[in-house]
1. In this structure, is Ser44 modelled with pLDDT under 80, in a loop (DSSP other than H, G, I, E, B), open to solvent by 70 Å² or more (accessible area, probe 1.4 Å) and among the hydroxyl-bearing types (Ser, Thr, Tyr)?
2. Name the pairs whose Cβ atoms lie under 6 Å apart, with the first residue in region 11-36 and farther than 16 Å from Asp53 by Cβ, the second open to solvent by 70 Å² or more (accessible area, probe 1.4 Å), and 6 or more positions between them or separate chains?
3. So in region 1-26, with the set limited to residues that are of a type outside the set (Phe, Trp, Tyr) and under 19 Å from Asn64 (Cα atoms), which one is most open to solvent (accessible area, probe 1.4 Å)?
Amino acid sequence: MTALVFQVVHKDTGNCTETMTRKTWDTGSFVGQCARLKLVDFSSDAWGHINFDDLRGDISCGPNCSFAA
């Protein structure tokens with residue numbers, strides 16, 4: 001397996017509301033590779049937080065992927 005180590009390959013953002021909206025991303029070009037999903041809240045407001053739900057795909061976790069610094 002190949003790992004995408006510390007390489008940002010996609011970014012997306014919400015609408016600054018509590019209403020959930022579906023975001024999609026075609027990851028077909030990354031089949032057979034390992035990746036890490038990182039959710040970041042860059043809000044400087046005291047109430048900033050992340051709403052995230054419904055991750056779908058052919059997802060597996062296991063010892064075949066390693067992310068060395």
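1. Judged against the criteria, Ser44 is not a match.
2. Correct list of pairs: Gln33/Thr2; Cys34/Met1.
3. The selected residue is Met1.
The values are calculated or read from the model by the stated rules, or taken from the named source; none is laboratory data. Since the model is a prediction, treat every value here as computed from it, not as a measurement. Neighbour counts run over all protein chains shown; Cβ positions are idealised from the backbone, glycine included. Calculation scope for accessible area: heavy atoms of the full protein, side chains included, ligands and nucleic acids excluded. Shrake-Rupley method; radii C 1.70, N 1.55, O 1.52, S 1.80 Å.
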